[in-house]
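S.K.: Would you mind keeping the following structure in view while I ask a few things?
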Amino acid sequence: MEKGAEVKPPISDTTIAGWLKKNLFSTKLNSFLTIITLYYLWKTIPPFVKWAFLDSAWFTPPQMCRNIDGACWSVITKNIRFILFGFFPYDQQWRPLVAMLVLFGLLYYSKERHRWNRRLIYYWGVGLTIMAILMKGGIFGLTSVESTKWSGLPLTLLLSVFGLTAAYPLGVILALGRQSKMPAVKVLSIVYIELIRGVPLISLLFMGSIIFPLFLPEGITISKILRAQVAIILFTAAYIAEVVRGGLQAIPKGQYEAAASLGLNYYQTMRLVVLPQALKIVIPPTVSVLISAFKDTSLVVIIALYDVLKTTQTVLSDPHWMGFSREAYIFLAILYFLGCFSMSQTSRKLERELNIER
Amino acid sequence: MRMWRLIAIAGVLFLSISAVQAGTLDDVKARGYLIAGVNGSIFGFSMPDEKGVWRGLDVDTARAIAAAIFGDASKVKFVPLTAVQRLPALQSKEVDVLCRNTTHTLTRDTVNGLNFAHVNFYDGQGFMVHKKLGVKSAKELDGATVCVLPGTTTELNAADFFKKNNMKWKPVVIEQATELNKAFFSGRCDVLTSDTSQLAAHRAVAPNPDDYVILPEIISKEPLAPVVRHGDDQWFDIVNWTVMALIQAEEFGITSKNVDEMLKSQDPAIQRFLGVTPGLGSALGLDDKWAYNIIKQVGNYGEIFERNVGPKTPLGLPRGLNALWTQGGLMYAAPFR
């Protein structure tokens, strides 16, 4: 190509004015919408910043908070230990903190797909043991803490991380069961999935916490947390099963036949040919189910488990801090957003990597 | 609705076998601690403080029971329960006793298979309005919008009251107590109705507490009492007499501070009460020092009241109906002899 023939990029790509014209003021309607949006932002953002940062109080006692116009973040900072750790003995609260850090470390480490090997399983084994010891205590000179005192953020994480990791394989098995040629397995799977999907999670939690104990033999009580955990697993598994079934149906019949002609049996076909493709297809809906299950764990409030939502609400029913619910719920929203957003980011990363391989 | 039917069936099933069970005291002693069901989010009655330690009038009542049994008020575990959970939790033996703002009613006492001990707090439903409305009596509230919590007897009582007085009302139903208050104080409704103890609590934290008045009409009786299961009379006696011991101690003038001096009292009634003259404790199946332990570790009823809901707390409740009978209230304990 000759030098003189070089074409300059259009003006709209190089200057700010050009970019503005192209993207924000291209037509009358767009100009109008831009102005409306700017006006709305101008009306909302500065007052919010003023409320949340400029006029706000961060570490004051509650009486001071009532005299200011801005946000009272003290409701969080002054009660942060109860909000995060609830009833865990006050002088022992470093233990759930360390346990959570271990969990975050493990989750972060597991993000990279090239680390998904046997060693990762050992790491998780060790990590989970450490977490269990920290939470439960009773050995190595740690005082014993019963599970009824687990509350706050560790409880939310416990319910969601274990709920999701247990529900996923169960869901896959149920999906396979529903596609099975064995009538008993098929009927059982269908009945399970439809029964569980037919009731709201709240009613499962109620059944677990109220009705189930009435049928237990004398003297046996199962921890409330475990009962809620099982309800969440059963519920989420049914939804995952249907999502995975969608993936299985997307696999062309030729794949099954090809596997059969290679002499693979059922388990080999599923493990080596069908599931790797099917599960990859359904990553986006699966993650949706997992994210909503994560948020659903907050429903345990109704059976009086003190997850992080309930501990925050408890702080709000203290007359000293009553009325600062905006600040408290914004804080909670941020916590939940961080959880959900990191899940969706991880899944998108996973999707990208799996597509490159294709 | 299916849920409720299931719960009812489960309850009936339970009741049919409950008659043969007894010995809660032995169970509790073998376990080494008492399990008490509490509300968990009512300030002044049962709520954890910022260190996760339980505080409140109901909580202290449960501690008193533990002190009576074990001589150690700390040997109690608290299980927070929702309004729906509380009765099944007691029936399924998940908790030994319920100290959870539960109103004593005929249905609960009979059909639900429960026994109510002596009342530890007399409450009643009232109305709070803004002063600028100029309302002096609840009878003038025709056409008012009323903020009310759903699903409690509060809503039904209010409906009954307005119907009885031929008045119209517009209920504004909001599930969360904190949000309900916000709605009231921001002017979304004219009237807030709840138990008067709660109204006082909400007024205490209002932007301008002096702008609001609680109307004189009390439209319901809410005797709140600890609850146990049917079928274990000894256990019922222990819970019942623990509450009465708290009241009697105040009447005797025995406090956590002077209880040791009171041991030397020459009054035979006090000697019997504190176990200097043995007999009362063993009649209950407890140590004769039971009342001494309660007062020493938890205090008498007056001390518990002042500490949790009295004028020096954010609730700032007057004794009112909860004063001793000698001071114009309803707190009256049967004789300890």
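A short reminder: the numbers here are calculations on the coordinates, not readings from a lab. The structure presented is a predicted model; accordingly, all values stated were derived computationally and were not measured. Because the Cβ atoms are built from the backbone with ideal geometry, glycine has one as well, and the counts that use them run over all protein chains shown.
S.K.: Where Lys and Arg each count +1 and Asp and Glu each count -1, what net charge lies around B:GLU222 among other residues with Cβ under 11 Å from its Cβ?
M.R.: Surrounding charge for B:GLU222 is -1.
S.K.: How big is the equivalent ellipsoid of the range B:37-117 along its three axes, where each semi-axis is √(5λ) from the Cα gyration tensor, reported in whole Å from largest to smallest?
M.R.: 21, 15, 11
S.K.: Another one. How far is the Cα center of the range B:268-292 from the Cα center of the range B:299-330, in Å?
M.R.: Taking the Cα centre of the range B:299-330 as reference, the centre of the range B:268-292 is 26 Å away.
S.K.: Related question: Quick check on the range B:134-180: what does the Kirkwood estimate of hydrodynamic radius come out to from the alpha carbon pairs, in Å?
M.R.: Across the range B:134-180, the inverse of the average 1/r is 11.2 Å.
S.K.: Another question about this same structure. Quick check on the exposure proxy: order B:ILE219, A:ILE190 from fewest to most C-beta atoms within 10 angstrom.
M.R.: In increasing order of surrounding Cβ atoms, one gets A:ILE190, B:ILE219.
S.K.: Tabulate in residue order the Karplus-calculated ³J(HN,Hα) for the range A:90-99, using 6.51 cos²θ - 1.76 cosθ + 1.60 with θ = phi - 60°, rounded to whole Hz; enter x for Gly and Pro.
M.R.: Result, rounded to whole Hz: 3, 7, 10, 6, 5, 5, x, 4, 4, 4.
S.K.: Still on this structure, I have one more. Could you tell me how far the Cα centroid of the range B:99-155 sits from the Cα centroid of the range A:312-328, in Å?
M.R.: Using only Cα atoms to place each centre, the spacing works out to 23 Å.
S.K.: Averaged over all directions, how much area does the convex hull of the C-alpha atoms of the range B:125-220 cover when projected, in nm²?
M.R.: Dividing the Cα hull surface by four gives the mean projection, 5.2 nm².
S.K.: How well do other chains shield peptide A:202-209, expressed as the mean number of their Cβ atoms within 10 Å of each residue Cβ?
M.R.: Counting other chains' Cβ atoms within 10 Å and averaging over A:202-209 gives 3.
S.K.: Using helices alone, what [θ] at 222 nm do you get for the protein assembly as shown, with -39,500 (n - 2.57) per DSSP H run of 4 or more residues, divided over all residues and rounded to the nearest 500?
M.R.: -16000 deg cm²/dmol
S.K.: Further question: Quantify how strongly other chains surround peptide B:193-202 by giving the mean number of their Cβ atoms within 10 Å of each of its Cβ atoms.
M.R.: Other-chain Cβ atoms within 10 Å of each residue's Cβ, averaged: 1.
S.K.: Which whole-Hz ³J(HN,Hα) couplings does the range B:205-221 yield from phi under the Karplus relation 6.51 cos²θ - 1.76 cosθ + 1.60, θ = phi - 60°, glycine and proline marked x?
M.R.: 10, 5, x, 10, x, 6, 7, 10, 10, 9, 5, x, 5, 10, 9, 8, 9
S.K.: What value in Å³ per residue do you get for the convex hull of the alpha-carbon atoms in the range A:7-118?
M.R.: Residue-normalised Cα hull volume stands at 242 Å³.
S.K.: Can you list residues from other chains, or at least 5 along the same chain, whose modelled amide H is less than 5 Å from the amide H of A:ASP307?
M.R.: Long-range HN contacts for A:ASP307: A:GLY152.
S.K.: Quick check: Cα centre of the range A:194-264 to Cα centre of the range A:126-170, how many Å?
M.R.: Here the two parts' Cα centres lie 22 Å apart.
S.K.: Continuing with the same structure: For labels at A:PHE337 and A:GLN277 in the simple 7 Å Cα→Cβ model, what's the distance in nm?
M.R.: 4.1 nm
S.K.: Remind me, relative contact order of chain B in percent, using alpha carbon pairs under 8 angstrom and six or more residues apart?
M.R.: Rounded, it is 21 percent for chain B.
S.K.: Can you tell me the alpha carbon radius of gyration of chain B divided by the globular rule-of-thumb value 2.2 N^0.38 Å?
M.R.: 1.05
S.K.: How would B:SER265, A:SER344 line up from fewest to most surrounding beta-carbon atoms within 10 angstrom?
M.R.: A:SER344, B:SER265
S.K.: Also: Which percent of Cα-Cα pairs in the range A:89-144 sits in each 5 Å bin, short to long?
M.R.: Calculated over all Cα pairs of the range A:89-144, the distribution is 4, 19, 25, 20, 13, 10, 6, 3, 0 percent.
S.K.: Right, another one. Out of residues 5 or more away from B:PHE127 or on other chains, whose amide H comes under 5 Å of its own, with H placed 1.01 Å from N in the peptide plane?
M.R.: B:LEU215
S.K.: Moving to a separate point now. For B:LEU330, what residues show an amide H to amide H distance below 5 Å, using hydrogens built from the backbone and excluding near sequence neighbours?
M.R.: Residues meeting the criterion, in which the H sits 1.01 Å from N, are B:ASN322, B:ALA323.
S.K.: Looking only at GluC sites (Glu not before Pro) in DSSP loops with at most 15 other Cβ atoms within 10 Å, what is the longest site-free stretch of chain A?
M.R.: Within chain A, the longest run free of exposed GluC sites (Glu not before Pro) spans A:219-358.
S.K.: Name the trypsin sites (Lys or Arg not before Pro) in the range B:132-181 that are in a loop by DSSP and that have at most 12 other C-beta atoms within 10 Å, would you?
M.R.: Passing both the DSSP loop test and the Cβ count: B:LYS136, B:LYS168.
S.K.: Hey, any idea what Rg/Rh is for chain A, computing Rh the Kirkwood way over Cα pairs?
M.R.: 1.07
S.K.: Could you tell me the calculated FRET efficiency between A:TYR123 and A:ASN67, based on Cβ-Cβ distance and R0 = 56 angstrom, to the nearest 0.05?
M.R.: E(calc), rounded to 0.05, equals 0.60.
S.K.: Filter A:LYS310/B:LYS182; B:LYS164/B:LYS221; B:LYS75/B:LYS221; B:LYS264/B:LYS312; A:LYS224/A:LYS295 down to the pairs with a C-alpha to C-alpha distance above 23 Å, please.
M.R.: Pairs exceeding 23 Å: B:LYS75/B:LYS221; B:LYS264/B:LYS312.
S.K.: Kindly state, to the nearest 0.05, the FRET efficiency for B:LYS163 paired with B:THR105, given R0 = 30 Å and r defined as their beta-carbon distance.
M.R.: 0.90
S.K.: Moving on to the next point. Could you run the Karplus curve 6.51 cos²θ - 1.76 cosθ + 1.60 with θ = phi - 60° over the range B:116-132 and give me ³J(HN,Hα) per residue in whole Hz, x for Gly and Pro?
M.R.: Listing the rounded values in order: 9, 7, 4, 4, 9, 7, 8, 10, x, 7, x, 10, 10, 9, 6, 4, 5 Hz.
S.K.: Under the 0.36 nm per residue contour assumption, what length would be gained going from the current alpha-carbon distance of A:PHE48 and A:ARG197 to full extension?
M.R.: 49.5 nm
S.K.: Taking the Cβ of each residue in A:THR346, B:THR82 as the centre, tally the other Cβ atoms inside 10 Å and list the residues starting with the fewest.
M.R.: Least crowded to most crowded, the residues run A:THR346, B:THR82.
S.K.: Give the share of C-alpha pairs in each 5 angstrom bin for the range B:288-337, from 0 to the last occupied bin, in whole percents, shortest bins first.
M.R.: Per 5 Å bin, starting at 0, the Cα pair percentages come out as 5, 19, 20, 24, 19, 9, 3, 1.
S.K.: Where is the GNM fluctuation largest for chain A (alpha-carbon springs, 10 angstrom cutoff): A:GLN268, A:GLN92, A:GLN179?
M.R.: Of the options given, A:GLN268 has the highest mean-square fluctuation.
S.K.: Inside 10 Å of the C-beta atoms of B:87-96, what's the mean count of C-beta atoms belonging to other chains?
M.R.: 4
S.K.: Kindly provide log₁₀ I(q)/I(0) values, in the same order as q = 0.07 Å⁻¹, from the Debye equation applied to equal alpha-carbon scatterers of the protein assembly as shown.
M.R.: Debye curve over Cα of the protein assembly as shown, log10 I(q)/I(0) at q = 0.07 Å⁻¹: -0.62.
S.K.: As I understand it, the value is the acute angle between the Cα axis of helix B:57-70 and the longest principal axis of the Cα atoms of chain B; what does it come to in degrees, rounded to 10?
M.R.: Once rounded, one gets 10 degrees.
S.K.: May I ask you to list the trypsin sites (Lys or Arg not before Pro) in the range B:223-308 that are in a DSSP loop and have at most 14 other Cβ atoms within 10 Å of their Cβ?
M.R.: Within the range B:223-308, the qualifying trypsin sites (Lys or Arg not before Pro) (loop, at most 14 other Cβ atoms within 10 Å) are B:LYS257, B:LYS264.
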